[in-house]
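Notes for the one structure printed next.
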Amino acid sequence: MNKNVLLIEDNFELQNLINVFLKSYDYDCVVFSKPLEALRDFEENHHMYSIVILDLGLPGMDGFDLFKKLKEIKNIPIIISTARDDIGNKIHGFELGADDYLSKPYEPRELVLRIDATLKRYINDDKIKINDLTIDLDKKRVFLENQEVEFTKIESEIFFMFIENINKVVSREDIVNQTSLKKDTKNRTIDMHVSNIRFKINDDFKETKYIKSVWGIGYKFINDN
């Protein structure tokens, strides 16, 4: 799992303090103060981030509303960092699915420790099973009935892009923009890579149980579990 942090915080002094401190512990931090800008970035680049640090008192959108929108895009760990220290807000945050809740003011070192602990929990839970597939999200390995699937580099990138967007349509344009494929890659080349992935995970094109073609757009990885 990468160490890229999305920090959404409108206090510029705290932004800078957290950013500098996280970098000293080898975390890469992308910072936004405006929730709509953060949301647009996350929609395009959610695959880059491993965790979100979210302030609740943001301009233009309540932090809890932003929390729900982020979770709709990707099931990513979120730590709430806020001056709202009353028990009602804490309960609401955890009910929404917050992984941790830090009341300001706090020491930056405490935030780093909580990020470390949260990511460790996700790494320990970073294996998922879908039918005959076991997928190790941390090590980017895939097993079919306990036999490791040997993907090429680009096949692996496409497969794990599907996994990050389970039950969501992934367009061919998304595949080109978010993998190492060249920008002028033809649709038939993308389709060939997907066909190879299907073959390797024993996915019958006529009766697919994993990768469904979405005509004119791209693909959807199905998980009905």
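The values are calculated or read from the model by the stated rules, or taken from the named source; none is laboratory data. All values derive from a computational prediction rather than experimental measurement. FYI the Cβ positions are ideal-geometry reconstructions off the backbone, even for glycines, and counts take in every protein chain you see. SASA here: full protein model, heavy atoms, side chains in, ligands and nucleic acids out. Shrake-Rupley method; radii C 1.70, N 1.55, O 1.52, S 1.80 Å.
Need a quick list: strands (runs of 3 or more DSSP E) entirely within the range 27-144 having at least 2 residues that are modelled with pLDDT under 85 and among the basic types (Lys, Arg).
Where strands (runs of 3 or more DSSP E) fall fully within the range 27-144 and carry at least 2 residues being modelled with pLDDT under 85 and among the basic types (Lys, Arg), they are 127-130.
Can you name the residue in the range 166-205 that is in contact (Cβ under 8 Å) with a residue 60 or more places away in the chain and under 21 Å from Lys127 (Cβ atoms) and is also nearest to the chain's Cα centre (by Cα) among such residues?
Ile201
For Phe67, all conditions in the list (1) touching a residue at least 12 places away in the same chain (Cβ under 8 Å); (2) more than 25 Å from Arg109 (Cβ to Cβ) hold save one; what is the number of the exception?
Every listed condition holds for Phe67 apart from (2).
Anything in the range 56-99 that is open to solvent by 30 Å² or more (accessible area, probe 1.4 Å), within 19 Å of Ala38 (Cα to Cα) and in contact with a Ser or Thr (Cβ under 6 Å, 6 or more places away or on another chain)? List them, or say none.
Correct list: empty.
Glu155 is checked against (1) surrounded by 17 or more Cβ atoms within 10 Å (Cβ to Cβ); (2) acidic (Asp, Glu); (3) in contact (Cβ under 8 Å) with a residue 60 or more places away in the chain and fails just one. What number does that condition carry?
(3)
I'm told Leu17 meets every condition in (1) farther than 30 Å from Glu173 by Cβ; (2) assigned to a helix (DSSP H, G or I); (3) in contact with a Lys or Arg (Cβ under 6 Å, 6 or more places away or on another chain) except one. Can you identify the failing condition by its number?
Among (1) farther than 30 Å from Glu173 by Cβ; (2) assigned to a helix (DSSP H, G or I); (3) in contact with a Lys or Arg (Cβ under 6 Å, 6 or more places away or on another chain), Leu17 violates only (3).
Can you tell me which residues in the range 170-194 are surrounded by 14 or more Cβ atoms within 10 Å (Cβ to Cβ) and closer than 24 Å to Arg141 by Cβ?
Val170, Asp174, Ile175, Gln178, Thr179, Leu181, Ile190, His193, Val194
Among the numbered criteria (1) on the phi < 0 side of the Ramachandran plot; (2) surrounded by fewer than 18 Cβ atoms within 10 Å (Cβ to Cβ); (3) in contact with a helix residue (DSSP H, G or I) (Cβ under 7 Å, 6 or more places away or on another chain); (4) free of Cβ contacts under 8 Å to residues at least 40 places away in the same chain, which single criterion is violated by Lys140?
Tallying (1) on the phi < 0 side of the Ramachandran plot; (2) surrounded by fewer than 18 Cβ atoms within 10 Å (Cβ to Cβ); (3) in contact with a helix residue (DSSP H, G or I) (Cβ under 7 Å, 6 or more places away or on another chain); (4) free of Cβ contacts under 8 Å to residues at least 40 places away in the same chain, Lys140 fails exactly one: (1).
Tell me the strands (runs of 3 or more DSSP E) entirely within the range 160-225 that contain at least 1 residues that are under 24 Å from Asn146 (Cβ atoms) and not hydroxyl-bearing (Ser, Thr, Tyr).
The strands (runs of 3 or more DSSP E) meeting that bar are 211-214, 218-221.
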